[in-house]
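Novice: Input: one structure, supplied below.
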Amino acid sequence: MGVQALILGCAGAQLSPDEAAFFRDLDPWGLILFRRNCVDADQVRRLTGDFRAAVGRSDAPVLIDQEGGRVQRLGPPHWPKYPPARAFSRIAANDPFVGREMARLGGRLMAHDLRALGITVDCAPVLDVPVPGAHDVIGDRAFSLDPREVANLGRAVAEGLLAGGVLPVVKHIPGHGRAGADSHKDLPIVDAPLETMAASDFLPFRTLTDMPLAMTAHVVYAAIDARRPATTSRTVLRDIVRGLIGYDGLVMTDDLSMNALDGSLGERAQAAYAAGCDVVLHCNGRLDEMREIAGRARALAGKAKRRAEAALARIGHAPDPFEAMEALGRFQDVLARAEAPSSTGFAADHALSV
């Protein structure tokens with residue numbers, strides 16, 4: 001049957017016998033972890049190892065959402081707490097060079113944490129560009145309100161992740177920042193003109209087309225396809241993501257179980273594949289739902305297989321040398337200075353080399 005174009009979750013801190021058998025028989029491309037799956041380092045390493053043993057592929061990707069701020073699946077007491085993306089633009093306002101270097105160092109530090117656990121894909125950076133009045137589901141998860149600064153700082157985080165042997169996922173293509181609703185709960189409809197979105201929302205994604213993985217937005221763009229969100233819209237994926245933006249990396253869906261999508265889970269998966277998504281993602285770890293999606297799964301083949309192989313080849317090397325404790329100390333010191341009431345001049349003492 002071959003590897004299936006699926007990324008799935010699991011229910012708890014270890015694979016149940018039923019889950020292990022399901023993954024062995026189905027062979028999904030990857031596994032995604034959430035806070036419910038992460039107790040401590042030894043346990044996470046066992047879980048990632050058990051998944052790879054079940055599917056029989058030592059390079060099977062294991063993903064997590066580790067953005068920092070509100071979206072951080074690994075945190076204290078076992079792992080550092082990282083700032084939201086917006087913190088880097090506040091530093092950049094004082095010194096653009098230090099802001100970018102801090103963003104890269106943050107990505108490198110997160111990669112160090114993840115790679116040690118067997119996690120090889122981070123669903124970050126967020127390249128969405130919020131606008132006034134948009135829903136706060138993105139908020140400070142975005143680097144800035146300036147699309148060029150989003151691109152600059154997003155690239156820095158992505159480069160830090162790659163240097164540490166972890167694949168970044170740019171999200172949410174072609175842009176969630178303008179949405180007036182939370183797609184976990186409702187279907188956002190964006191009615192901005194195409195020209196406006198091309199100049200702002202799409203710009204960071206156009207700038208980072210060399211990144212290996214991208215995640216779709218469950219958002220309707222009325223000027224492009226008034227009926228279907230990007231995840232299930234062939235028009236958006238073909239004409240905008242692959243066309244106007246020019247992205248040729250692997251495109252995965254956002255979570256199929258989010259309320260923005262309609263139809264059964266199997267129908268959602270089928271619609272996403274038909275629209276042009278390479279891989280579908282289901283996160284909640286409910287085995288009955290995963291079995292339903294598996295019934296509509298496609299083998300990872302053709303262009304999707306080429307893109308998946310190209311992505312994994314980007315981390316087929318040992319991470320760059322890195323003194324993690326020293327780097328973390330510098331990172332936390334610069335952040336503390338940036339958050340202090342008077343942070344003017346902090347940058348001069350903290351030129352970073354990462």
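The values are calculated or read from the model by the stated rules, or taken from the named source; none is laboratory data. The shown structure was predicted, so the numbers you read here are calculated from the model rather than taken from an experiment. When we count neighbours, we look across all protein chains shown, and the Cβ atoms used for this are built from the backbone with ideal geometry, even at glycine.
Novice: Could you look through the stretch 239-298, keep only residues that are among the hydroxyl-bearing types (Ser, Thr, Tyr) and surrounded by fewer than 20 Cβ atoms within 10 Å (Cβ to Cβ), and pick out the one that is farthest from the chain's Cα centre (by Cα)? Please lay out each step first, then the result.
Specialist: Within the stretch 239-298, the first condition is being among the hydroxyl-bearing types (Ser, Thr, Tyr), and the residues that meet it are 247, 253, 257, 264, 273.
Still in the list and also surrounded by fewer than 20 Cβ atoms within 10 Å (Cβ to Cβ): 257, 264, 273.
Values: Ser257: 17, Ser264: 24, Tyr273: 19 Å.
Among those residues, the one meeting the criterion is Ser264.
Novice: Restricting the stretch 52-66 to residues that are in contact with a strand residue (DSSP E or B) (Cβ under 9 Å, 6 or more places away or on another chain) and under 15 Å from Arg115 (Cα atoms), which is surrounded by the most Cβ atoms within 10 Å (Cβ to Cβ)?
Specialist: Ile64
Novice: Would you mind stating whether Ala53 is without any contact (Cβ under 8 Å) to a residue 12 or more places away in the chain and closer than 22 Å to Val129 by Cα? So that I can check it myself, show each step before the final result.
Specialist: Working: without any contact (Cβ under 8 Å) to a residue 12 or more places away in the chain: yes; closer than 22 Å to Val129 by Cα: no.
Taking the combined requirement at face value, the residue does not satisfy it.
Novice: Can you pull out the helices (runs of 4 or more DSSP H) entirely within the stretch 1-118 that have at least 1 residues that are among the acidic types (Asp, Glu)?
Specialist: Where helices (runs of 4 or more DSSP H) fall fully within the stretch 1-118 and carry at least 1 residues being among the acidic types (Asp, Glu), they are 17-26, 41-55, 96-115.
Novice: So which pairs qualify, if the first residue must be in the stretch 218-238 and surrounded by 24 or more Cβ atoms within 10 Å (Cβ to Cβ), the second must be of a type in the set (S, T, N, Q), the Cβ gap must be under 6 Å, and the two must be at least 6 apart or on different chains?
Specialist: The qualifying pairs are His218/Ser183; His218/Thr231; Ala230/Thr216; Thr231/Thr216; Thr231/Thr253.
Novice: How many residues are aliphatic (A, V, I, L, M), more than 22 Å from Met110 (Cα to Cα) and surrounded by 24 or more Cβ atoms within 10 Å (Cβ to Cβ) when one looks only at the stretch 152-181? Even if it seems obvious, please write down each step before you answer.
Specialist: So the first thing to find is which residues in the stretch 152-181 are aliphatic (A, V, I, L, M), and the list is 153, 156-158, 161-163, 166-167, 169-170, 173, 179, 181.
If we keep only those that are more than 22 Å from Met110 (Cα to Cα) too, we end up with 173, 179, 181.
Filter again for surrounded by 24 or more Cβ atoms within 10 Å (Cβ to Cβ), leaving 173, 179.
Count: 2.
Novice: Please tell me if Asp225 is in contact with a helix residue (DSSP H, G or I) (Cβ under 8 Å, 6 or more places away or on another chain), in a loop (DSSP other than H, G, I, E, B), over 23 Å from Glu309 (Cβ atoms) and not hydrophobic (A, V, I, L, M, F, W, C).
Specialist: Yes: the conditions hold for Asp225.
Novice: Looking at the stretch 189-205, is at least one residue within 23 Å of Glu267 (Cβ to Cβ) and over 13 Å from the mean Cα position of the chain (by Cα)? Before the answer, list the steps.
Specialist: In the first step, residues of the stretch 189-205 are kept if they are within 23 Å of Glu267 (Cβ to Cβ); the result is 189.
From what is left, the residues that are over 13 Å from the mean Cα position of the chain (by Cα) are 189.
The answer is yes; a qualifying residue exists.
Novice: Quick check on this structure: which one of Pro125, Pro83 is touching a strand residue (DSSP E or B) at 6+ places or on another chain (Cβ under 9 Å) and within 16 Å of Ala338 (Cα to Cα)?
Specialist: Pro83
Novice: Suppose we filter the stretch 113-140 for residues that are touching a His at 6+ places or on another chain (Cβ under 8 Å) and either charged (D, E, K, R) or at positive phi (or both); how many remain?
Specialist: Of the residues in the stretch 113-140, 1 are touching a His at 6+ places or on another chain (Cβ under 8 Å) and either charged (D, E, K, R) or at positive phi (or both).
Novice: Just give me the residues in the stretch 132-142 being within 14 Å of Ile189 (Cα to Cα) and either in contact with a Lys or Arg (Cβ under 8 Å, 6 or more places away or on another chain) or free of Cβ contacts under 8 Å to residues at least 24 places away in the same chain (or both), in sequence order.
Specialist: Residue satisfying the conditions is Ala134 alone.
Novice: Hey, another quick one. Give Lys185, Lys81 a once-over and let me know the one that is closer than 17 Å to Gly69 by Cβ and either surrounded by fewer than 18 Cβ atoms within 10 Å (Cβ to Cβ) or of a type outside the set (Asp, Glu) (or both).
Specialist: When all the criteria are applied, what remains is Lys81.
Novice: Is one or more of the residues making up the stretch 91-105 surrounded by 18 or more Cβ atoms within 10 Å (Cβ to Cβ), touching a strand residue (DSSP E or B) at 6+ places or on another chain (Cβ under 7 Å), closer than 26 Å to Asp182 by Cβ and touching a residue at least 12 places away in the same chain (Cβ under 8 Å)?
Specialist: no
Novice: Here is a check on your reading of the model: is Asp18 more than 24 Å from Phe331 (Cα to Cα), charged (D, E, K, R) and surrounded by fewer than 23 Cβ atoms within 10 Å (Cβ to Cβ)? Reasoning before the result, please.
Specialist: Numbers: more than 24 Å from Phe331 (Cα to Cα): yes; charged (D, E, K, R): yes; surrounded by fewer than 23 Cβ atoms within 10 Å (Cβ to Cβ): yes.
When the stated conditions are applied, Asp18 passes them.
Novice: A further question on this structure: If we only count helices (runs of 4 or more DSSP H) wholly inside the stretch 229-347, which ones have 2 or more residues that are within 30 Å of Ser200 (Cα to Cα), out of contact with any strand residue (DSSP E or B) (no Cβ under 6 Å at 6 or more places or on another chain) and at pLDDT below 95?
Specialist: 324-339
Novice: For the stretch 119-210, which helices (runs of 4 or more DSSP H) that fit wholly inside it have 2 or more residues that are aliphatic (A, V, I, L, M)?
Specialist: By residue number, 147-163, 194-199.
Novice: Consider the stretch 300-315. How many of its residues are touching a residue at least 40 places away in the same chain (Cβ under 8 Å) and loosely packed, with under 15 Cβ neighbours inside 10 Å?
Specialist: Of the residues in that region, 2 qualify.
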